[in-house]
1. Can you give the FRET efficiency to the nearest 0.05 for ARG205 and LYS104, using r as the Cβ-Cβ distance and R₀ = 30 Å?
2. Pop out the Kirkwood hydrodynamic radius of the stretch 126-279 from its pairwise C-alpha distances, inverse of mean 1/r, in Å to one decimal.
3. Setting aside same-chain residues fewer than 8 positions from LYS196, which lysines have a Cα under 24 Å from its Cα?
4. Express in nm, to one decimal, how much length is gained between LYS275 and GLN150 on full extension, taking 0.36 nm for each residue of separation and deducting their alpha carbon distance.
5. Quick one: Kirkwood hydrodynamic radius for the stretch 221-279, alpha-carbon pairs, angstrom, one decimal?
6. Could you sort 113-120, 127-134 so that the peptide with the highest average Cβ count within 10 Å comes first and the rest follow in order?
7. By per-residue mean of other Cβ atoms within 10 Å, what is the highest-first order of 43-54, 218-229, 145-156?
8. Rg to Rh ratio, the stretch 49-107, alpha-carbon atoms and Kirkwood radius?
Amino acid sequence: MNEQTKVTDATPIKTLPDAQTVLDVEHYTDRLFRFRVTRPPTLRFRSGEFVMIGLMGDPDPKTGRQKPLLRAYSIASPSWDDELEFYSIKVQDGPLTSKLQHIKKGDEIILRPKPVGTLVHDALLPGKRLWFFSTGTGFAPFASLLRDPQTYEDYDQVIVTHTCREAAELTYSKNLIQHLHEDEMMQELLGDGLKKLVYYPTTTREDSPKMGRITDLLENGTLFKDLGIDGISAETDRAMVCGSMGLNLDIKRILEGHGLREGANSEPAEYVVEKAFVG
Ligand code: A2P
């Protein structure tokens, strides 16, 4: 072995193309987990964007060759973080997540370092109040944006809603919000009484303090009544939406009913949508 190929414990061998090393894994339920991996030093991204990640697929029975199995995942960590975090569903017969759910610290995953996406501050026109509407793992891009100081610098108030079937599925968002409230640097950004950040979790199939689909709570006025606000207006409110196709379409309709228009990187407007990819 010559000097160039010599490896030590501190320099793990990269066996996959675009390999990153798993640093930490946390399981929440039999359907949800999060993991952190090393960040390629050259990777720049905007909070809220997604990348393609995955593992090598099974060998082809004829040729024995393996192809990467990749899916779009929102980066759940903010752009300033040295590591990358992802929040994932586990689908027992899903091609990728049936395997991905078994990763452990020290394993490798593939990460294509080409971040893209529309759930970014650049795709919205300036406003006063920012809404994040999410269901299930659709919370992931907001876990990134909620940890980005720009979110609080650009808006007077940030309201994040997260709807899941069961209460245990809210653990990830609940822990994250609690962590933000306890963080000294964040306390400065969140202002007196931490009023700048409002968390509104709901469940649909298990009892919890607030039950119901966010779409129903928006349409019947419960959400506004609970938060003590008049409603949503195109002048002051901006929104980002990430969830199932059904949620995205329903919220789109509701927001457009309030006069908000869909924006994009090339043409910022009042709201943006992205689907939660791995379902
Ligand atoms: P529900 O239990 O009434 O279907 P899923 O696990 O299927 O992705 O759903 C996550 C959450 O999103 C569930 O609480 C589900 O409510 C809710 N949901 C699904 N479709 C919609 C929709 N069109 N509008 C609002 N909420 C939705």
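1. Values: r = 31 Å, r/R0 = 1.04.
It comes to 0.45.
2. Values: mean 1/r = 0.0637 Å⁻¹.
Result for the stretch 126-279, one decimal place: 15.7 Å.
3. LYS128, LYS174, LYS210, LYS225
4. Details: separation 125, 0.36 × 125 = 45.00 nm, distance 2.29 nm.
Going from the current span to full extension adds 42.7 nm.
5. 12.3
6. 127-134, 113-120
7. 43-54, 145-156, 218-229
8. Working: Rg = 13.4 Å, Rh = 13.0 Å.
Result: Rg/Rh = 1.03.
The values are calculated or read from the model by the stated rules, or taken from the named source; none is laboratory data. Note that the coordinates shown come from a computational prediction; the quantities given were computed from them, not determined experimentally. All Cβ positions, glycine included, derive from the backbone under ideal geometry; neighbour counts span all protein chains shown. Side chains are part of the model used for accessible areas, which takes the heavy atoms of the whole protein and leaves out ligands, DNA and RNA. Shrake-Rupley method; radii C 1.70, N 1.55, O 1.52, S 1.80 Å.
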